[in-house]
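> Provided herewith is a single structure, encoded as structure tokens, for subsequent inquiry.
The values are calculated or read from the model by the stated rules, or taken from the named source; none is laboratory data. Here the structure is a predicted model, which means the values were calculated and not measured. In this analysis, Cβ positions are derived from the backbone assuming ideal geometry, glycine residues included, and neighbour counts consider all displayed protein chains. Ligands, DNA and RNA are stripped out before the accessible areas are found, and what is left, the full protein with its side chains, is counted by its heavy atoms. Shrake-Rupley method; radii C 1.70, N 1.55, O 1.52, S 1.80 Å.
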Amino acid sequence: SSVGAILTKGTDPQIITGSYDSTIKLWDLAAGKCMSTLTHHQKSVRTLAQPTFENTFLSGAADTLKKWTGNEGRFIKNFSGHSAVINTLAI
């Protein structure tokens with residue numbers, strides 16, 4: 001599936017991708033493989049962002065905004081209230 005967003009982590013050999021098939025993948029660059037696939041979104045993932053003050057990341061899609069733990073990708077919280085597609089995030 002097409003990738004809609006990529007998040008790099010400066011001090012960690014990990015990248016996070018969000019795809020139009022509604023999945024988020026956590027990649028270990030050192031091992032060269034996908035470590036986890038997150039499937040909580042119902043619609044295409046269009047944007048990812050990471051706060052500098054904590055080890056978490058946010059994903060925005062056509063259905064909602066979600067917060068996750070940084071390295072493991074454990075789901076933390078939904079942010080609801082948007083009535084349209086979330087195309088970009090900035091923290």
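> Find all pairs meeting these conditions: Cβ atoms under 9 angstrom apart; at least six residues apart or on different chains; first residue within region 64-91 and closer than 13 Å to residue 54 by Cβ; second residue open to solvent by 70 Å² or more (accessible area, probe 1.4 Å) and assigned to a loop (DSSP other than H, G, I, E, B).
Sorted first by the residue in region 64-91, then by its partner, the pairs are 68/40; 68/74; 69/55; 70/55; 71/55; 91/52; 91/53.
> What are the residues in region 47-91 that are in a strand (DSSP E or B) and more than 13 Å from the chain's Cα centre (by Cα), if any?
79
> Sort out which residues of region 5-27 are surrounded by 13 or more Cβ atoms within 10 Å (Cβ to Cβ), out of contact with any Gly (no Cβ under 7 Å at 6 or more places or on another chain) and among the hydrophobic types (A, V, I, L, M, F, W, C), and write them in order of number.
Residues satisfying the conditions are 7, 15, 16, 27.
> Return only the number of the condition from (1) open to solvent by 20 Å² or more (accessible area, probe 1.4 Å); (2) without any contact (Cβ under 8 Å) to a residue 40 or more places away in the chain that residue 38 does not satisfy.
(1)
> Pull up region 57-71, narrow it to residues that are among the hydroxyl-bearing types (Ser, Thr, Tyr) and buried (at least 17 other Cβ atoms within 10 Å of the Cβ), then point me to the one that is nearest to residue 14 (Cα to Cα). Spell out how you get there, then give the answer.
Initial filter on region 57-71 (among the hydroxyl-bearing types (Ser, Thr, Tyr)): 59, 64, 69.
So of that shortlist, the ones also buried (at least 17 other Cβ atoms within 10 Å of the Cβ) come out as 59, 64.
Details: 59: 16, 64: 24 Å.
Taking the candidates together, the pick is 59.
> Confirm whether residue 40 is touching a Phe, Trp or Tyr at 6+ places or on another chain (Cβ under 7 Å), at negative phi, assigned to a loop (DSSP other than H, G, I, E, B) and of a type outside the set (D, E, K, R). Full working, then the answer.
On the way: touching a Phe, Trp or Tyr at 6+ places or on another chain (Cβ under 7 Å): yes; at negative phi: yes; assigned to a loop (DSSP other than H, G, I, E, B): yes; of a type outside the set (D, E, K, R): yes.
Answer is yes for this residue.
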